[in-house]
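Trainee: Pasting a structure here, questions to come.
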Amino acid sequence: MPGRLAAEPDSNSISDLSPLVGMASLHTLGVGNNMISDLTPLGQIPTLRFVGVGQNQIDDLSPLAAIGDLEALNCAENQISDLTPLAGLIHLHYLYMNGNQIADLAPLAGLSALDELYANVNDITDLTPLQDLPLLKVIVLEYNAISDLAPLVANPGVGVGDTIRLIGNPLSPDAIDEQIPALEAKGAVVIW
C-alpha cells in the first residue's frame with residue numbers, strides 16, 4: 001500500500017528494536033529468528049498491523065497492548081506465558097503462538113475478530129475462552145493438555161469448513177465419543 005513501510009529483517013542477529021521508533025508509516029514488521037527479548041519500542045509504533053517476532057527470546061508481550069489496531073501476530077517459539085497484554089487487541093484476526101508456555105487463554109475471550117488461532121505445543125487445558133469467538137475458522141491446538149471440547153461445541157460460529165486440529169492431546173472419552181462427532185455434525189473438520 002502506498003505510504004506504508006514493511007520491514008522484514010528475519011534471521012539477522014537483531015537484539016534491539018529501538019531504531020524503529022519514529023517510523024510512523026511502519027505497517028508490517030517481521031523480525032523472526034533473531035535475539036530480541038524486549039518489545040518496548042514496538043509500543044511506540046501505533047501504525048503496526050502485522051508483527052512477526054517468532055523464534056526470539058521474548059517473555060513479555062506488554063508493549064503490544066499499545067498497538068490497538070494490530071491485526072496479525074506471530075509470537076511463536078518464545079518464552080511467553082501471559083497473554084493478558086493481548087486482551088484489548090480487538091482487531092486481531094490471526095494469532096500464531098506455537099511453542100511457548102501458555103496455559104491460560106482467558107485474555108483471548110474478548111477478541112471477537114479472531115478467526116485463526118495456532119497454539120500448538122503449549123500447556124493449554126481449558127478452551128472456555130474460545131466459546132464466544134464465533135469467527136474462529138482455524139483452531140490449531142496440537143500437543144497441549146486438552147481433554148474437553150465442550151466450549152468448541154458450544155461456539156455458535158464453529159461449522160462448515162472450519163478446521164480444528166487436536167493431535168497429541170489427552171482427549172477424554174466424552175470428547176472422542178460425543179464432542180468430536182458433534183463438531184463434525186456442524187460441518188467442522190476435526191483432526192485428532
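The numbers here are math on the coordinates, done by the rules we state, and not lab data. As the structure is a prediction and not an experimental result, all values here were calculated from the model. Virtual Cβ from ideal backbone geometry, glycine too; neighbours counted across all protein chains shown.
Trainee: State which residue is surrounded by the fewest Cβ atoms within 10 Å (Cβ to Cβ) when the search covers only region 138-179 and only residues that are aliphatic (A, V, I, L, M) and under 15 Å from the mean Cα position of the chain (by Cα).
Mentor: My answer is 138.
Trainee: When the residues of region 13-39 are narrowed to those that are within 18 Å of the chain's Cα centre (by Cα) and among the small types (Gly, Ala, Ser), which ends up surrounded by the most Cβ atoms within 10 Å (Cβ to Cβ)?
Mentor: Going through the qualifying residues, I end up with 32.
Trainee: Which of (1) in contact with a Lys or Arg (Cβ under 7 Å, 6 or more places away or on another chain); (2) under 20 Å from residue 165 (Cα atoms) does residue 70 not meet, given it meets every other one?
Mentor: For residue 70, the exception is condition (2).
Trainee: Here are 170, 181: which of them is free of Cβ contacts under 8 Å to residues at least 12 places away in the same chain and either closer than 27 Å to residue 75 by Cβ or outside any loop (DSSP other than H, G, I, E, B) (or both)?
Mentor: 181
Trainee: Looking at region 82-95, is at least one residue within 23 Å of residue 9 (Cα to Cα) and charged (D, E, K, R)?
Mentor: no
Trainee: I'd like to verify a number: residues in region 149-167 that are part of a loop (DSSP other than H, G, I, E, B) and free of Cβ contacts under 8 Å to residues at least 24 places away in the same chain, how many?
Mentor: 1
Trainee: Can you name the residue in region 110-137 that is outside any loop (DSSP other than H, G, I, E, B) and aliphatic (A, V, I, L, M) and is also surrounded by the fewest Cβ atoms within 10 Å (Cβ to Cβ) among such residues?
Mentor: The extreme case among them is 117.
Trainee: In this structure, is residue 141 under 16 Å from residue 73 (Cβ atoms) and either touching a residue at least 12 places away in the same chain (Cβ under 8 Å) or of a type in the set (Lys, Arg) (or both)?
Mentor: In short, no.
Trainee: Please enumerate the residues belonging to region 40-95 that are surrounded by 21 or more Cβ atoms within 10 Å (Cβ to Cβ) and part of a helix (DSSP H, G or I).
Mentor: Within region 40-95, 42, 64, 86 meet the criteria.
Trainee: Could you run through region 96-109 and say how many residues are out of contact with any Phe, Trp or Tyr (no Cβ under 9 Å at 6 or more places or on another chain) and either part of a loop (DSSP other than H, G, I, E, B) or aromatic (Phe, Trp, Tyr) (or both)?
Mentor: So the count comes out to 8.
Trainee: State yes or no: is residue 78 among the polar types (S, T, N, Q) and within 21 Å of residue 135 (Cβ to Cβ)?
Mentor: no
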